[in-house]
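Contents: one structure, followed by commentary.
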């Protein structure tokens, strides 16, 4: 860097180091990019519909993955945004579980983190499904805490602290989404208008044999305004149970 500065000085030029310039430019999407991101989200909904139907006792995590990905491509996906994560029971408490080998059992929760790609733009959505169709009392308590943290959206850390589960949250609250599922962006600067960001609180209880994560995508509009790109995906506990019941009829 010093040699470059000296060379620039010899030519009467000033060298300005802008390492973060591309990341800042990439994090704010133009309308045509947002349209592709929205299309990827729509396709991803088809896959999660398949998951709501497929997460029943006696099938494997791999079976669920296969049905989801078939639905993605049937709905027009041009690829997968990342490897599909299907974590049932205790595997749902493992961040980025990748083996997808366990058989689903009645009473399990299944954490599914899966997104389609469309036109090279990614999506990233996580839902937690009850295999029996209903959350147990303990599972429901945790799910409601995670949901409230997401509702509090930019104050999720404080929300999980109030509910007593902050020490069971083991990853960041969100990341930029664009050409990559974990896209370029500056996390220590204000989020620009046009940025798409995930909001993904979770609680992980391996000692209880389950985890819960809810992950959605938000489009920041500027001036403190935002729009939920994944608004069509059920999020409330009762809505998830109704979704599963409809899918399995």
| message | For segment 187-237, which positions are out of contact with any helix residue (DSSP H, G or I) (no Cβ under 9 Å at 6 or more places or on another chain), in contact (Cβ under 8 Å) with a residue 40 or more places away in the chain and closer than 18 Å to residue 32 by Cα? | response | 193
| request: Show the residue pairs that are 6+ apart or on different chains and have beta-carbon atoms under 9 Å apart, the first residue being within segment 163-185 and without any contact (Cβ under 8 Å) to a residue 24 or more places away in the chain and at positive phi, the second being buried (at least 17 other Cβ atoms within 10 Å of the Cβ) and not in a loop (DSSP other than H, G, I, E, B). | output: 164/145
| field | Complete set of residues in segment 53-72 that are crowded, with 22+ Cβ neighbours inside 10 Å and either in contact (Cβ under 8 Å) with a residue 60 or more places away in the chain or over 15 Å from residue 109 (Cα atoms) (or both) | value | 55, 68, 71, 72
| request: Can you run down the residue pairs with Cβ atoms below 6 Å, 6 or more apart or on separate chains, where the first is in segment 90-104 and on the phi < 0 side of the Ramachandran plot and the partner is surrounded by 20 or more Cβ atoms within 10 Å (Cβ to Cβ) and in a loop (DSSP other than H, G, I, E, B)? | output: 91/97; 104/131
| Conditions (1) crowded, with 21+ Cβ neighbours inside 10 Å; (2) in a loop (DSSP other than H, G, I, E, B); number of the one not met by residue 160 | (2)
| message | If residue 225 meets every condition in (1) under 15 Å from the mean Cα position of the chain (by Cα); (2) at pLDDT below 95 apart from one, which number is that one? | response | (1)
| task | Please specify each residue of segment 1-22 satisfying the condition of being at pLDDT below 75 and surrounded by fewer than 10 Cβ atoms within 10 Å (Cβ to Cβ). | result | 1, 2, 3, 16, 17, 18, 19
| task | For residue 167, indicate whether it is at pLDDT 90 or above and farther than 29 Å from residue 105 by Cβ. | result | no
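The values are calculated or read from the model by the stated rules, or taken from the named source; none is laboratory data. Worth saying up front: this structure is predicted, and the values here are computed from it rather than measured. We place every Cβ from the backbone using ideal geometry, glycine too, and count neighbours over all the protein chains shown.
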